C-alpha cells in the first residue's frame, strides 16, 4: 500500500501542516525522492502519515533509514509494531530510531534566515559560539540515546521475535539546533568515545563529562566505555537530513531544480577540505552524511559488512585512536541556495571563499 504522504486532506483540523511539508508541495523532484524512500514502508500504527505531515522530522528520518536498509538489500520485517526496524536478513539487526529536537526554549527553526543558510559555509570551529553549540548538541544527543539504550531492556529483550544475539543499533537523526546541518561528527564522537574537539587547537582530547548549561548536572561522555552500554552495538548518526539533502539527491538524479547545491568534504590529504558542485556527473549519495559509530565493547558487534561499500563513514576505536572508513570523503557541510538569489557564478564565488576559509588559505 502506497503512503499518501502529501495528501493533507485527511489531516485532522486541530493539526497544522508542517512548514517543510508545505515547501515540498512545490518541489516535485524532492517530493519524488521522499516518496521513493517510502516504497514498501508499512504504516503499522496508522499514525505515520499524520505525524509526517504535522511533525515531519522523526517520520522523514524513519523513511530515510528504511531507504538505507533497502539500498543494502536488507530484509525488514514490517509486520511487527516494535522495534522500529527488525532486520531479518542477511543477518538479524534490531534498530531503534530517535531524533533530537530543539529544546523547548530554543530558537525555533522557522526563525532561520539567510545568514543562517550562508553560515553553512563558515568553518564551525571559527564561530564564536562553537563550544556553546557543541555542548548543546551533546546534551540533546545524550537525552535521545540514553532513553533508547534503556528501551532495549524494558521493551525489546524479552520479545520472542528478537534474537538475543542480534546487534542492537540506535539510529539518531539530529534536528537539535537551527543550524543542525553543520554539527558534523564533533558532538557524537565526544558523547560516545569521550573525544572532545577543541576549536583553538583543532585537536581532540579525552574528556569524562561536561556540565549541562544552567545546572550543576554532569553529562557523562564516552558512553561506549560504560558497562551499561555494552548492549548497544553501534549508533547510526546523521545531522545532514535537511531539505538540502533532498534537493541535492534530486539534482543528482537529473531532475530540474530551482536550487544550486555545493558540498564541502573533509579529506585526509592537503588541502583538507574539498568542494563539490552537485550534478548528475558529481552526485550526492543516499549514504553521504551518515556515520556508523561502532561500540568497541559491544556484546553483539554490528558487522562492518552491514553498511560496507557505501558512502557511510564507519568510525571505530583502534589502537588508542580512531579510524574513519568509507567509500567517499566525509560530508562536512552543504550549501543549498535558490537560483532566485544565486547564480552559478555567485555560488562558485561563495565556494571559493569557503575553500580558502576552511583550509586557512589567504
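Just so it is clear, none of the values below were taken in a lab; they were calculated from the coordinates. Bear in mind that the values here come from a model prediction, so they are computed numbers and not experimental data. Cβ coordinates were reconstructed from backbone atoms using ideal geometry, including for glycine residues, and neighbour counts include every protein chain displayed.
Is the stretch 15-130 best put as rounded, prolate or oblate by its Cα gyration tensor, with a ≥ b ≥ c the root eigenvalues, rounded for a/c under 1.5, and otherwise prolate when a/b is larger than b/c, oblate when not? Because a/c hits 1.5 or more and a/b exceeds b/c, the stretch 15-130 counts as prolate. Shown here: semi-axes √(5λ) of the Cα gyration tensor in Å, derived from the displayed model; of the candidates (1) 49, 21, 17; (2) 41, 21, 19; (3) 29, 27, 20, it corresponds to (3).
The spacing between the stretch 297-361 and the stretch 112-169, judged by their C-alpha centroids, is 17 Å. From the square roots a ≥ b ≥ c of the eigenvalues of the alpha-carbon gyration tensor of the stretch 206-337, which class results: rounded (a/c under 1.5), prolate (a/b over b/c), or oblate? Taking the square roots of the gyration eigenvalues as a ≥ b ≥ c, the stretch 206-337 is prolate. Ranked by the mean number of other Cβ atoms within 10 Å of their residues, highest first, the peptides 158-170, 255-267, 55-67 fall in the order 55-67, 255-267, 158-170. For the stretch 174-233, what class follows from the C-alpha gyration tensor (a ≥ b ≥ c being the square roots of its eigenvalues): rounded when a/c is under 1.5, otherwise prolate if a/b is larger than b/c, else oblate? Cα axes put the stretch 174-233 in the rounded bin.
With springs connecting C-alpha atoms under 10 Å apart, model the chain as a Gaussian network and identify which of 11, 172, 293 has the largest mean-square fluctuation. Highest fluctuation among the options: 11. Distance between the C-alpha centers of the stretch 194-212 and the stretch 87-108? Whole Å please. Taking the Cα centre of each part, the stretch 194-212 and the stretch 87-108 sit 24 Å apart. Between 106, 244, 38, the GNM of the chain built on Cα springs shorter than 10 angstrom shows 106 fluctuating the most. For the stretch 4-72 versus the stretch 235-289, the inter-centroid distance based on Cα atoms is 21 Å.
Annotation: the antiparallel percentage among DSSP beta bridges lying fully within the chain is about 65.
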